Structures are given as C-alpha cells and as structure tokens.
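Below you'll find the structure, written out as structure tokens, and then a few comments.
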Amino acid sequence: MFIPVFAQLWVFHYWPMAGIRFAFTKYTPFIQPQYIGFDNFTRLFNEPRFWSAFNNTLILSIGNLLLSMIFSVGIALLINEIGNAIAKKFVQTVIYLPHFLSWVVVAAIFTIILSTQGGFVNDLLVKLGIIDEPIYFMASKDHWRGIWYFINRWKETGWGTIIFLAAITGISPDLYEAAEIDGAGRLKQTWYITIPSLMNTILVVFILNLAKVMNVFESVFVLYNEMVYDVSDVIKTYTYRVGLQNNDYGYSTAVGLFQSVVSLILVTGANWFSEKINGRGIV
Amino acid sequence: MSQKFSFKKGYRGRAIFVIFNTIFFIIVMATMLIPIIKVCVDSL
C-alpha cells in the first residue's frame, strides 16, 4: 500500500530536487549546463526587477493571508449565528460557489465586469457620478492590488470558512450553557469561548498558509499585464518569464531556489513563534 | 443556536443583530452571485 505513495513522493517531490544543481550552471536550450558557481545568485541580487517581484510577492501574499484569516474567521462566526438551518446551508452553498471556478474563468469574468467598454462596474460608477471617465482597473497601478485582493477574497473566502465552521461545531455546548448561567450574552460567549477555542485552528491554518506565501502564481498570472508589472509581478511570474519565455533555465532555477529558502525561513519562523506563544508548534 | 426573535426588552439587541446579519449575508451573496449571473446573462 505504501509503494504508490512512495513512488508519487519520489517522482514529484524528491526527484525534481536534483534540478537544484542547475541553479549553479549556465543552462539554455542551446548549450549544455556549465558550472558557474554563484554567478546566477550575484546576478539575481543585482537585478532590480527581481527585488520588485520579491516585494510584490510579500505585499500581495501577506496582505492576502491576513485578509483571508480575518474574512474567513469573521464570516464563519457570522454564519454560525444564522438560526435557520436551511438558510445557513443556502448561504454556505452560495459563498462556496466561486471556489469551484478556475482562475482563468474568474479572470475572464472580472475582466468583462471591469472593462472600460460596457463593463458593469464602470457603467455603475459613471451613472452614480462617482467617476467621470471609465477607469481601466486591470491596467491601473493604483487599483490593481485592491482588485486582486478583492477577487481573491471573492473566490476563496467561502472555502476558507469550512475549517473554522467545523472547529466551531466541535466546541462543547457545555461551555456555552455554563456561560449562559453565568449571565454571558451572545457577544461575550463569542469573545470568551468561541474565539479562544478557535485560536489553535487559526494558528495551524496561518502556518500552513504561510508556507504558501511565496507560491502565489496562477491568480497573478491570469490577471496581470505589462502595464502593471511594477505592482503585480511576483517571483513565480518572474521565474516563468525568465525561465520559459527567455529560456534562461539556470537563472530561473536560482530564483526558484531563493524562493524556496525564503519559504523555509518563513515557516520555521512561524513555527518558532507558535512554540513561544502557544507552547507547541505544528512542524 | 436559535433564540427567540422579539423586540421586547432583553431580546432587542439580538433581534437587531439578526436583522443586520441577514442584510449582511444578502449583500455577501449578491456580491458572490452578481458577477457570475451578469456574465452568463451577457453571454446569451
């Protein structure tokens, strides 16, 4: 039974690690890999476009991570307060819905909605007198990040609430009954029972999501364009362009390796932080 | 989790919360559904 799991792990997770050696080579489709030491890393650290991508990755991912925790926990708490079971299921179903759309479809939907020519949002804002001229949101450096955060929350908030709703369901009703006898209202019960009971789950979800902070790619790739590279280009899209479009495999492997090291530091740091606060980590 | 819905003293706060919670979820659901419905309708 273990063999398929082992084979899958080996083929897709461990064997590709052998490719790390290309980070120390000059390697294009036209030449054999030549060992060049740390030259790719020297080039990397002197490349302004790389640092721009690095900053964007942190800003977009950490912003999205914080928003995701706030929205998911908040909405889970509010869903929990819906008394009618049918209404509760209906709300859950509707807010899960966008998760099942692929990023390509989501990008197409929002590109149409935010379009300057007949786009629903621009039409509405112009009719309400909020703006005079339609704004090309997807190509505006001032608006792109806000739009990206919104689209991410639109797609994933519902899905993010599942784990917190499950955790809320698992809280012992005895605690609420005891609190009620002590005279605590719903707000106090939420503040002193529900939220503290959710803290471990929040911490686990936070650390697991922190591991993915540097992996943001698909959502950016389908929504960005050359006009907003300064605020949208992330490490993975940068690696994609350098590696696959410019065929510079050695350099793009160096970028990928740097990204993995930063991810490792973030996860280890978060786990250390968790141990300090909570007395135990999860890794 | 369901409690008595009433505007009598002692239940008023809960009733106001339930109304705002319902309005909030109507807005959230509209935000989730409008983009999908709008694009589907426009594509017909």
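Kirkwood Rh over Cα pairs of the stretch A:108-213 into Stokes-Einstein at 25 °C, 0.890 mPa s: D in µm²/s?
Rounded to a whole number, D works out at 140 µm²/s.
How many partner chain Cβ atoms sit within 10 Å of a residue's Cβ in peptide B:18-28, on average, as a whole number?
If you average over the peptide's residues, the count of other-chain Cβ atoms is 3.
Of A:Lys88/A:Lys188; A:Lys89/A:Lys276; A:Lys89/A:Lys188, which ones are farther than 32 Å apart at the Cα? Before the final figure, lay out each step's value.
Numbers: A:Lys88/A:Lys188 22 Å; A:Lys89/A:Lys276 38 Å; A:Lys89/A:Lys188 25 Å.
Going by Cα-Cα distance, A:Lys89/A:Lys276 fall outside the 32 Å limit.
Normalise the Debye intensity by I(0) for chain B, one equal point scatterer per Cα, no solvent, then take log10 at q = 0.26 Å⁻¹ and round to two decimals.
-0.86
Can you pull out the chymotrypsin sites (Phe, Trp or Tyr not before Pro) in the stretch A:114-192 that DSSP calls coil and that have at most 16 other Cβ atoms within 10 Å?
Hits after loop and neighbour filter: A:Tyr136.
Just to confirm the filter: which trypsin sites (Lys or Arg not before Pro) across the stretch A:180-283 are DSSP coil and have at most 16 other Cβ within 10 angstrom of their Cβ?
Those satisfying the criteria are A:Lys212, A:Arg280.
What is the distance in Å between the Cα centres of the stretch A:169-209 and the stretch A:68-122?
The stretch A:169-209 and the stretch A:68-122 have Cα centres spaced 25 Å from each other.
Which three extents, in angstrom, do the Cα atoms of the stretch A:204-283 have along their principal axes, listed largest first?
Result, largest extent first: 47, 27, 17 Å.
If we count other beta carbons within 10 Å of each Cβ, what is the order of A:Tyr35, B:Tyr11, fewest first?
Least crowded to most crowded, the residues run A:Tyr35, B:Tyr11.
As a test of the formula, what do you get for chain A when each DSSP H run with n ≥ 4 contributes -39,500 (n - 2.57) and the sum is divided by the residue count, at 222 nm and rounded to the nearest 500 deg cm²/dmol? Numbers along the way, then the final one.
On the way: 14 runs with 180 residues, N = 283.
Dividing the helical sum by the residues of chain A leaves -20000 deg cm²/dmol.
Taking 0.36 nm per intervening residue step and subtracting the Cα-Cα distance, what contour gain separates A:Asp142 from A:Asn225 on full extension?
This chain segment gains 28.5 nm when fully extended.
Just how large is the dipole of the stretch A:49-278 about the Cα centre, in debye to the nearest 20, putting +1 at every Lys and Arg Cβ and -1 at every Asp and Glu Cβ?
200 debye
Can you give the alpha-carbon Rg of chain A over 2.2 N^0.38 Å, where N counts its residues? Please list the in-between numbers first.
Details: Rg = 23.1 Å, N = 283, 2.2 N^0.38 = 18.8 Å.
The value comes to 1.23.
Each reported figure results from applying straightforward, stated rules to the coordinates on display, with no laboratory input. All values reported here derive from a predicted model rather than from experimental measurement. With ideal geometry, Cβ positions are generated from the backbone for all residues, glycine too; neighbour counts draw on all protein chains shown.
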